[in-house]
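Data first, discussion second: the structure below is written as structure tokens.
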């Protein structure tokens, strides 16, 4: 057996093409999340198990919207084996993927901390990013029942 095949010498960063559209989205999202990092300190649960970083949850939710993934269970499945998604969220090859119920448990914390609204405001400052964030934030707010469902036309 060739043991060299058991190891990868190419990083996830190198596997994502320099021209891939998610590179620009990730850069813009990183800027928005960096400017909100102090607010995330209030999102984490007091005591108990170490939770998933709110930034990672937000990045995963953005992927869910961009790729029309219909459930958190399927999103976690994609995060488990899709290298592009792992890269975007900030996961290494060896990081364990959290359970799909993590989204449910943390969604209210993110909403109470105003994450969706803050991302939407920051999205307006970047024209290309605005549409993506507005769609994502509206979806998050709709799930939280803070916005009504759109009226079918």
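The values are calculated or read from the model by the stated rules, or taken from the named source; none is laboratory data. Predicted, not measured: the structure shown is a model, and the values here were computed from it. Ideal geometry is used to build each Cβ from the backbone, glycine not excepted, and the neighbour counts take in all protein chains shown.
The helices (runs of 4 or more DSSP H) found entirely in segment 53-98 that carry 2 or more residues being farther than 20 Å from residue 32 by Cα and more than 13 Å from the chain's Cα centre (by Cα) are 72-81. Within segment 7-52, the residues that satisfy the criterion of being assigned to a loop (DSSP other than H, G, I, E, B), modelled with pLDDT of 80 or more and surrounded by 16 or more Cβ atoms within 10 Å (Cβ to Cβ) are 16, 52. Residues being modelled with pLDDT of 85 or more, more than 30 Å from residue 10 (Cβ to Cβ) and outside any helix (DSSP H, G or I) are entirely absent from segment 107-117.
Checked against (1) at pLDDT 85 or above; (2) closer than 21 Å to residue 26 by Cβ; (3) part of a helix (DSSP H, G or I), residue 133 meets all criteria but (1).
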